[in-house]
Amino acid sequence: MVWHPDVKSLSVGGHHFALVEQGKGEAVVLIHGITTFSFIWRKPLPFLPDNKRVVAYDLLGCGGSDMPLDVDYSLNGHTERLLKMLQQLGIERVHLVGHDVGGGIAQIFAVQHPEMVIDLCLINSVGYGYWPVQPIKAMQTPILRRFVMAALDIGAFKLIVQRGLYHKDHLDAELLELFSKPMQSPVGRAALMHFARCLDNHNLTDIAADLQQLVIPVLVIRGEADSYLSEEISLRLKREIPGCRLLRIQTGGHYIQEDEPVQVAKALSSFWNRDVVVGAVS
């Protein structure tokens with residue numbers, strides 16, 4: 001299933017990346033997490049302002065991008081490729097938005113290239129040493145890896161997705177197909193396992209002190225019903241990043257873009273405009 005009619009292919013560093021673009025103006029880059037690809041932004045995208053050039057891309061090993069198994073899929077590795085992608089796209093300054101491990105990539109990029117980041121939004125993001133969590137941890141364990149790969153059928157994937165949603169009834173056949181699409185081929189399954197195996201929370205614990213030196217605007221959006229990532233991640237980001245704001249959305253699960261796309265889009269638009277962010281912000 002192609003989730004968007006205008007998916008493009010961009011060659012970066014010898015690999016092809018799938019991405020979609022909309023609008024014109026200041027650049028926005030949306031970075032997804034490990035169990036998804038760019039489709040996770042499909043519902044907020046129509047509500048984002050036209051005066052921004054919004055780019056949603058598939059990380060290497062995910063969705064429609066290449067899936068080599070001899071390349072580093074750690075957060076640091078993905079961050080290096082993000083820099084090359086921005087250079088290829090001619091983007092010098094960017095509003096960065098990251099979800100799940102995409103938030104980890106965005107954090108690393110912000111501390112490594114602060115001159116390129118206009119502002120940073122982290123949505124149900126990984127952080128510090130509070131991750132990975134199950135079922136990713138099981139995929140990292142050699143003795144369990146084959147079992148997990150064999151067990152990841154549509155039924156098991158449905159339970160993973162359902163647990164990540166606040167509105168359980170939003171899990172329809174189309175959404176399940178989008179989530180499970182990469183798992184329908186041996187290459188996709190192997191790429192997911194390789195991605196999980198490469199994840200190392202030291203990539204983020206190593207930059208904890210650097211986050212305290214950020215001088216860009218930062219917004220953390222926390223879906224209060226996120227059953228995968230600890231609330232302490234959001235609280236610590238809020239506590240330790242100067243001027244960081246925290247928006248709590250009660251009716252958002254881990255996949256908050258599916259639960260509350262309009263709220264997410266409005267919060268992003270307000271944040272970019274430096275307006276009062278919609279909702280309860282601390």
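The values are calculated or read from the model by the stated rules, or taken from the named source; none is laboratory data. Values in this document were obtained by computation on a predicted structure and should not be read as measured data. Here Cβ is always computed from backbone atoms with ideal geometry, including for glycine, and neighbour counts include all displayed protein chains.
Criterion first (touching a helix residue (DSSP H, G or I) at 6+ places or on another chain (Cβ under 9 Å), of a type outside the set (A, V, I, L, M) and buried (at least 16 other Cβ atoms within 10 Å of the Cβ)) does ASP226 satisfy it?
yes
For ASN203, which of the numbered conditions (1) over 30 Å from PRO114 (Cβ atoms); (2) buried (at least 19 other Cβ atoms within 10 Å of the Cβ); (3) polar (S, T, N, Q) fails to hold?
With respect to (1) over 30 Å from PRO114 (Cβ atoms); (2) buried (at least 19 other Cβ atoms within 10 Å of the Cβ); (3) polar (S, T, N, Q), ASN203 is out only on (1).
Would you call SER234 surrounded by fewer than 19 Cβ atoms within 10 Å (Cβ to Cβ) and either touching a Ser or Thr at 6+ places or on another chain (Cβ under 8 Å) or among the small types (Gly, Ala, Ser) (or both)?
Spelling it out, it is not the case that SER234 is surrounded by fewer than 19 Cβ atoms within 10 Å (Cβ to Cβ) and either touching a Ser or Thr at 6+ places or on another chain (Cβ under 8 Å) or among the small types (Gly, Ala, Ser) (or both).
Of (1) more than 25 Å from ASP119 (Cα to Cα); (2) at pLDDT 95 or above; (3) outside any helix (DSSP H, G or I), VAL220 satisfies all except one. Which?
With respect to (1) more than 25 Å from ASP119 (Cα to Cα); (2) at pLDDT 95 or above; (3) outside any helix (DSSP H, G or I), VAL220 is out only on (1).
Can you confirm whether GLU224 is closer than 17 Å to HIS99 by Cβ and in contact (Cβ under 8 Å) with a residue 40 or more places away in the chain? Explain how you work it out, then say what you get.
Details: closer than 17 Å to HIS99 by Cβ: yes; in contact (Cβ under 8 Å) with a residue 40 or more places away in the chain: no.
No: the conditions fail for GLU224.
What strands (runs of 3 or more DSSP E), lying completely within segment 1-110, carry at least 2 residues that are buried (at least 21 other Cβ atoms within 10 Å of the Cβ) and among the aliphatic types (A, V, I, L, M)?
The strands (runs of 3 or more DSSP E) meeting that bar are 15-22, 26-31, 52-57, 94-100.
Please give the number of the condition ILE123 fails out of (1) modelled with pLDDT of 95 or more; (2) in a helix (DSSP H, G or I).
Among (1) modelled with pLDDT of 95 or more; (2) in a helix (DSSP H, G or I), the lone unmet condition for ILE123 is (2).
Could you grab me the full set of residues in segment 180-231 that are among the acidic types (Asp, Glu) and under 18 Å from the mean Cα position of the chain (by Cα)? Full working, then the answer.
Our first condition is that a residue be among the acidic types (Asp, Glu); within segment 180-231, this holds for 200, 206, 210, 224, 226, 231.
Selection gives ASP200, GLU224, ASP226, GLU231.
So in segment 61-83, with the set limited to residues that are out of contact with any helix residue (DSSP H, G or I) (no Cβ under 8 Å at 6 or more places or on another chain) and acidic (Asp, Glu), which one is nearest to ILE40 (Cα to Cα)?
Among residues in segment 61-83 that are out of contact with any helix residue (DSSP H, G or I) (no Cβ under 8 Å at 6 or more places or on another chain) and acidic (Asp, Glu), the one nearest to ILE40 (Cα to Cα) is ASP66.
The rows are residues; the columns are (1) touching a helix residue (DSSP H, G or I) at 6+ places or on another chain (Cβ under 6 Å); (2) free of Cβ contacts under 8 Å to residues at least 12 places away in the same chain; (3) closer than 21 Å to HIS4 by Cα.
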{"site": "GLU26", "(1), (2), (3)": "no, no, no"}
{"site": "ILE34", "(1), (2), (3)": "yes, no, yes"}
{"site": "ARG42", "(1), (2), (3)": "no, no, yes"}
{"site": "LYS52", "(1), (2), (3)": "no, no, yes"}
{"site": "LEU59", "(1), (2), (3)": "yes, no, yes"}
{"site": "MET85", "(1), (2), (3)": "no, no, yes"}
{"site": "GLN107", "(1), (2), (3)": "no, no, no"}
{"site": "ALA110", "(1), (2), (3)": "no, no, no"}
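Here are some residues: GLN257, GLN184, GLN250, GLN212. Which one is surrounded by 22 or more Cβ atoms within 10 Å (Cβ to Cβ) and polar (S, T, N, Q)? If you could, list the steps in order and put the result at the bottom.
On the way: GLN184 fails: surrounded by 22 or more Cβ atoms within 10 Å (Cβ to Cβ); GLN250 fails: surrounded by 22 or more Cβ atoms within 10 Å (Cβ to Cβ); GLN212 fails: surrounded by 22 or more Cβ atoms within 10 Å (Cβ to Cβ).
Of the residues listed, the single one that is surrounded by 22 or more Cβ atoms within 10 Å (Cβ to Cβ) and polar (S, T, N, Q) is GLN257.
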